[in-house]
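Below: one structure, written as structure tokens.
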Amino acid sequence: MLYNSTRNSNVKVSSAEAITQGISAEGGLFVPESIPSLSLDEIKSMGDMKYADRAFYIFSKYLTDFTEAEIHYCTDNAYSTKNFDSENITEISHLFDGTYMLELWHGPTCAFKDLALQILPYFLTTSAKKINLDKKIVILVATSGDTGKAALEGFKDVEGTSILVFYPEDGVSPMQKRQMKTQEGSNVGVCALKGNFDDCQNGVKAIFTDGDVKSLLDENGLMFSSANSINWGRLVPQVVYYVSAYAELVKDGEISLGDKINIVVPTGNFGNILAAYYAKHMGVPVNKLICASNINNVLTDFINTGIYDRNRDFHTTVSPSMDILISSNLERLLYLLTDRNDELIHDWFGKLASEGRYEVNDDVKSRLKEEFCAGFCDDVQTKNTIHELFEKYSYTCDTHTAVAVKVYNDYKAATGDNTRTLIASTASPYKFSAAVLEALEGGVSDIDEYAKVEKIAEISKTPVPPALAGLKTKPERFGDVIDKTEQKQYVLKSLGI
Ligand SMILES: *Cc1c(COP(=O)(O)O)cnc(C)c1O
């Protein structure tokens, strides 16, 4: 399996190269040259495997330059009860009639990004060895909250790597901020940026593709790689849990082999839902992929009209990991929907950079509508949904997951579609304790973050994840706040060059 760039189909690299480079030199994203297929029988047989072996099965179709031993080394280290509080790694909760919560937050940082970021360091260091890179890998991350912490946990003290994370100063939850500021490890750095997530991400992208910076790194025996979902090594682990969940539902007799399901994903950077798209095109029977947004609803408009327009106000919401106006992974989807037309992608994403807007052609518009549905909701609706879900089903969900539930309820009411449905539950409710408690109690309380966590435990009768409970007494290590114009200098200074 080779990988092309979305902005130059003639680029052909191995998975080890795609993973170590993160982003292609001309700014495109790496995409496998074909989507491997899984038969229904193969999917069924995965039901009898443990999660790490399901992952091995999928990876062996994409990472064909890795040996079996290398893939096993990665999967066995990443997906064990050493890192996850569930034997099954992910859990499925049967919520209400024909609706299932795929809980993706049983890892060390309590959000779905752990599924990818626990394995990425193994992919990266294995890839670097395979292609005889003797450079130290520098991971630069822009985060809307969850990626940063999950990447820090994945890479801390991993030999041959160092990691630097930028987050928007006022754009993450207090718990997310505490998690990052108190990060342990000898090879880690964390810095706040005066700006929003898009500013962080644009800055990181610009630094990645800056020729001068690249030469400076070269001279110092360093190279950049990315832990953001622009890295293929972030995306492929996410395909696993959709296939795994389908196999699990069949095994449990909830659906029959071959039955279609809907998948609802609370979406920001479009990585998670793109992984569901890949799972579908590998062979998982899927009816609709439902893209749920908060009021930063640029994707809802795009899927409904074919016009992507980021020229709009940016809102901070109670689902901060979805406060994004530029969804990077959409580029991969459009590359596939245009039958790999790198010129069109060049044109559209050039327009996005210069004018903040592009419109896709009619063919892509109709393909989008065939595969996807989209909706959004605001903060009040998000909190009402958390409240309602708890009242009706004694189930406590986080703010991002609540956006998905609300958008799904609207979809069901509008279409009458009774297809069984899997909702991606992307974070533990404890991670967004202020908004969740407000939703549960129906009012704002002025107790501190940790008291809120304890209160949620009391009300919901669920255990507090140990990683969050322990934060209270941890010392803060990182307090830098910089202007977005200072980002490049900051990176160079941190690297000592
Ligand atoms: C990152 C994140 C999302 C958005 O996922 P994308 O892959 O960026 O679309 C949703 N919910 C939570 C809790 C997240 O951390």
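Here, each number is a calculation from the coordinates, and none is a lab measurement. What you see is a predicted model; the values in this text were computed from it and never measured. Here the Cβ is made from the backbone with ideal geometry for all residues, glycine too, and neighbour counts use every protein chain on show.
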- Low-density loop trypsin sites (Lys or Arg not before Pro), the stretch 1-97, at most 10 other Cβ within 10 Å, DSSP non-H/G/I/E/B, are Lys82
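Can you compute the charge dipole magnitude of the chain about its Cα centre, using +1 on each Lys and Arg Cβ and -1 on each Asp and Glu Cβ, nothing else charged? Give it in debye, rounded to the nearest 20. Each step should come with its number before you reach the end.
Numbers: 49 positive and 68 negative charges, 79 e Å.
So the magnitude is around 380 debye.
By Kyte-Doolittle mean hydropathy of at least -1.0 and Cα axial length of at least 18 Å, which whole DSSP H helices of the chain are selected?
Helices passing the filter in the chain: 232-251, 342-355, 399-415.
Quick one: net charge around Thr182, please, counting Lys, Arg +1 and Asp, Glu -1 for every other residue with C-beta under 15 Å from its C-beta.
Working: positive: Lys149, Lys156, Lys177, Arg178, Lys181, Lys431, Lys472, Lys474, Arg477; negative: Glu153, Glu184, Glu449, Glu476, Asp480.
Net charge around Thr182: +4.
For Asn296, what is the net charge nearby, where nearby means another residue's Cβ is under 11 Å from its Cβ and Lys, Arg count +1, Asp, Glu -1? Mind showing how you got there, number by number?
On the way: positive: Arg310, Arg312; negative: Asp198, Asp301, Asp313, Asp323, Asp378.
Every neighbour counted, the sum reads -3.
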- For the pairs Lys113/Lys156; Lys130/Lys431; Lys129/Lys484, note any where the Cα-Cα span goes beyond 26 Å. Lys130/Lys431; Lys129/Lys484
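In debye to the nearest 20, how big a dipole does the stretch 211-254 give about its Cα centre with +1 on each Lys and Arg Cβ and -1 on each Asp and Glu Cβ? Before the final figure, lay out each step's value.
On the way: 3 positive and 6 negative charges, 9 e Å.
With only Lys, Arg, Asp and Glu charged at Cβ, the dipole is about 40 debye.
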- Query: Applying 1/(1 + (r/R0)^6) with R0 = 30 Å to the Cβ-Cβ distance of Lys369 and Glu42, what FRET efficiency is obtained, to the nearest 0.05?
  - Reply: 0.50
- Query: Rounded to a whole number, what is D in µm²/s for the chain from Stokes-Einstein with the Kirkwood radius over alpha-carbon pairs (20 °C, 1.002 mPa s)?
  - Reply: 95
- Whole number please: convex hull volume per residue, Cα atoms of the stretch 201-300, in Å³. 121
- Task: At 7 Å along the Cα-to-beta-carbon direction for both Ala25 and Lys484, put a label point, then send me their distance in nm to one decimal.
- Result: 2.9
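Can you give the charge dipole size of the stretch 405-446 about its Cα centre, rounded to the nearest 20 debye, using +1 on the beta carbon of Lys and Arg and -1 on the beta carbon of Asp and Glu? Please list the in-between numbers first.
Values: 4 positive and 5 negative charges, 55 e Å.
Roughly 260 debye, rounded to the nearest 20.
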- Item | 16 Å reach of a label modelled at Asp218, 7 Å along Cα-to-Cβ, counting backbone N of the stretch 14-34 | 21, 25-26
- So for the chain, taking the charge dipole from beta-carbon charges (+1 Lys/Arg, -1 Asp/Glu), which of Ala467, Ser14, Ala275 sits furthest toward the positive end? Ser14
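For a footprinting-style exposure proxy, rank Tyr430, Tyr73 by other Cβ within 10 Å, fewest first. If you can, show how the numbers build up before the last one.
Numbers: Tyr430 26, Tyr73 15.
Neighbour counts put them in this order, fewest first: Tyr73, Tyr430.
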- Query: Tell me, in nm to one decimal, what length is gained between Glu343 and Asn132 on full extension, where the rule is 0.36 nm per residue of separation less the Cα-Cα distance?
  - Reply: 72.7 nm
- Along the principal axes of its C-alpha atoms, what lengths does the stretch 1-128 span, in descending order and rounded to whole Å? 47, 31, 28
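How big is the Kirkwood radius of the stretch 53-135, worked out from every pair of different alpha carbons and given in Å to one decimal?
Values: mean 1/r = 0.0710 Å⁻¹.
One decimal place: 14.1 Å for the Kirkwood radius.
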- Message: Run the helix sum for the chain: -39,500 (n - 2.57) per DSSP H stretch of 4+ residues, divided by residue count, reported at 222 nm to the nearest 500 deg cm²/dmol.
- Response: -13500 deg cm²/dmol
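Can you bin the stretch 115-231 into rounded, prolate or oblate? Criterion: square roots of the alpha carbon gyration tensor eigenvalues sorted a ≥ b ≥ c, rounded for a/c under 1.5, prolate for a/b above b/c, oblate for the rest.
Numbers: a/c = 1.99, a/b = 1.35, b/c = 1.47.
Oblate, since a/c reaches 1.5 and b/c is not below a/b.
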- Have a look at Val264, Tyr79, Val172 and report the one farthest towards the positive end of the charge dipole of the chain, computed about the Cα centre with Cβ charges (Lys/Arg +1, Asp/Glu -1). Tyr79
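Kindly rank 238-247, 216-225 from highest to lowest mean number of other beta carbons found within 10 Å of each residue. Please list the in-between numbers first.
On the way: 238-247: 25.7, 216-225: 15.9.
Peptide ranking by packing, descending: 238-247, 216-225.
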- Task: Specify which residue in the list Thr421, Thr385, Val403 is farthest towards the positive end of the charge dipole of the stretch 377-423, using unit charges on the beta carbon of Lys, Arg (+1) and Asp, Glu (-1), about the Cα centre.
- Result: Thr421
